[in-house]
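Below: one structure, written as structure tokens.
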Amino acid sequence: MSTGFIPQEILDEIASKCDIVSVIGEYVPLKRKGANYQGLCPFHTEKTPSFSVSPTKQIYHCFGCGAGGNVFKFMMEIEHLTFPEAVEKLAKRAGVTLPEKELSKAEKQALARRERFLQINEVVAKYYQKVLLETKSGAKYHTYLNQRGMSDDVIAKFTLGACQPGWDGLYRFLLQRQVAPMEMEQLGLILPRKEGNGYYDRFRERVMFPIRNERGQVVAFGGRIIDNNISNQKYMNSPDTPLFNKGRLLYGLDVAKSSIREKDQAIIVEGYMDVIACHQYGVTNVVAPLGTAFTPEQAKLLMRNTYQICVSFDGDTAGSKATWRSLDILAELGAQVKVITLPDGSDPDEFLKKNGSEAFQAEISKSQELIVYKIGRLMENTNTDEIAGKMQIVKAMLGDIMKMNSPVARESAVNIISQKLQLTENAIYSELKNYNRSSNFEEREKNVSPNAKPPKMKNDTAAHFHQEGRIIKILYENPHLLPMIAEAGGETLFTGPLKTLYQSLKRLYKKGAAFKSSDFPEDEAEILAGILMSEDGGSDAEKVLADYIKYIKAEKLDHEYKVRLQELADAEKTGDTEKMLNALRDLEMLRTMKKEAEIIGKGV
């Protein structure tokens, strides 16, 4: 369903039933701080929380990148939705019925195509599972999974399946169900034959793992051969499709997110089998990347649920490199990262079978913090008995230490390196100072969010914008003072986007209703959020407002005076007597107005 014009009363009902702290809390871990809640901003990279949510005003604002608005704006930004789509999603959450609107032809086609693709994938997942559980050809795959320690319950939980032998079993099955070859190809299920006369299945003779998005919808597939002696690629994933991008999803997140939130901890393992083995042994807060390097998009997806993340990749060389990359990505985004190093380089699947769940939980509790893990790995490959070796390790760690915003964390890191390398802390701090001096300004600027944006103003000065913002905050919190502004000049006191915001306040005031964040369009709501979260309205609102009116009027008079002085100078250069007289007359009038304003300001 799509939504067209949505009555304000329905938007108000949705907003009243969708508490913004609760909604944002499903995407961003929040902690109470005074009257508001704080967390790491989901819209830009940061280590120190600058993202604030107000339960009383029902708005959010990030002081780092400027993002802000009401619950509708948040849903649009976090899920990449249009306004109608965000309203529809929140309406479902709130149990509010939206008015129907006929979809455009293009909208119908796009929606129908996505829904059909999801339905096809669901049919394929059931087909693969039926092959595994109900056919002779699937029996060996079923046996393989059981021998790997997977019960039928966990097989059902992850909808595991298998491929029929031969080249086109799935292709023929889907043809019988009126699925077009073009659709199968777009979903990455089949490939065209090189001879150009037909198609063959992409996945053949493999255990099949349906890949689901965070909502639990099947968007792709992974397959694993069970005979390690076969030279074929061990694991194979679907290619990127209209439903699937492997760098933006995590395997198992749909069944793990509730456990992750409950435990306030996530464990990243390397593959499907590790995830499933962990669930088999009762460790359910586990996810895995999808056969590719861990990405910032995957990290952000996971960090919607927790900032406490343990990484447990295989102990081989490739696994170690993968661990290192993921650590850097997660740390850059502000996660509290630890590394689980299992004995003998085993993976979680192997370790759990051999030692059980309690032993695995013990290894989790022994996980190393990032700085300890990194220095340990560096020391394994460096001769620390030599001065050159110690210098090499210290230099390799300086960048990580400098990225730590917390003085406590930085001091702890220096202390650890000092003990490990038998160096004084002063020596390491000296190296840090040299590193900081030699790092050029451009390099340090890279740590600033590329999404950071200045206040939304045109030619206004920051001070003027600030003062106008203070007035907007006072008016929002004290609507009865709006007539006072109207008498003092109304819209003429504001510039740029704040003039529009004032007009909305005036319009809503005339309706007689209390102001709510849902009353404002998304662009105005974003500006309003920044003002309400950052500005201080003052205790005596009426007095503060009167002072600000005087200030802004004085600023405008000063500006006008400078403009007329320039006009007078230009007229003198050209010898334009009429313009000179007009400018002099205006200047005299402005001097009088400025003098009167000064007298009023002094209370004379």
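The values are calculated or read from the model by the stated rules, or taken from the named source; none is laboratory data. From a predicted model like this one, the values you see are computed outputs, not experimental measurements. Glycine also receives a Cβ, built like all others from the backbone with ideal geometry; neighbour counts cover every protein chain displayed.
What the table below lists for this structure:
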item	result
Segment 166-224 - residue that is in a strand (DSSP E or B) and without any contact (Cβ under 8 Å) to a residue 60 or more places away in the chain and, of those, nearest to the chain's Cα centre (by Cα)	Arg212
Number of the condition not met by Cys310 [criteria: (1) under 23 Å from Ser357 (Cα atoms); (2) modelled with pLDDT under 85; (3) of a type outside the set (S, T, N, Q)]	(2)
Candidates Lys473, Lys446, Lys403, filtered to the one that is surrounded by 13 or more Cβ atoms within 10 Å (Cβ to Cβ), under 31 Å from the mean Cα position of the chain (by Cα), at pLDDT below 80 and among the basic types (Lys, Arg)	Lys403
Number of the exception - Leu170 against (1) on the phi < 0 side of the Ramachandran plot; (2) out of contact with any strand residue (DSSP E or B) (no Cβ under 7 Å at 6 or more places or on another chain)	(2)
For Glu522: the one exception among (1) in contact with a Gly (Cβ under 8 Å, 6 or more places away or on another chain); (2) farther than 27 Å from Ala35 by Cα; (3) at pLDDT below 75	(2)
Gln109 within 31 Å of the chain's Cα centre (by Cα), in the same structural domain as Arg215 (by TED's automatic domain parsing) and more than 23 Å from Asn237 (Cβ to Cβ)	yes
Every residue from segment 46-63 that is surrounded by fewer than 20 Cβ atoms within 10 Å (Cβ to Cβ) and touching a strand residue (DSSP E or B) at 6+ places or on another chain (Cβ under 8 Å)	Ser50, Ser54, Pro55, Phe63
Residue match in segment 272-280 (condition: outside any helix (DSSP H, G or I), modelled with pLDDT of 90 or more and within 29 Å of Gly25 (Cβ to Cβ))	no
Residue within segment 159-171 that is under 30 Å from Leu352 (Cβ atoms), out of contact with any Gly (no Cβ under 9 Å at 6 or more places or on another chain) and surrounded by 15 or more Cβ atoms within 10 Å (Cβ to Cβ) present	yes
Residue list for segment 281-296, restricted to those being closer than 18 Å to Gly222 by Cβ, at pLDDT below 90 and either of a type outside the set (Ser, Thr, Tyr) or surrounded by fewer than 17 Cβ atoms within 10 Å (Cβ to Cβ) (or both)	Leu290, Gly291, Thr292, Ala293, Phe294
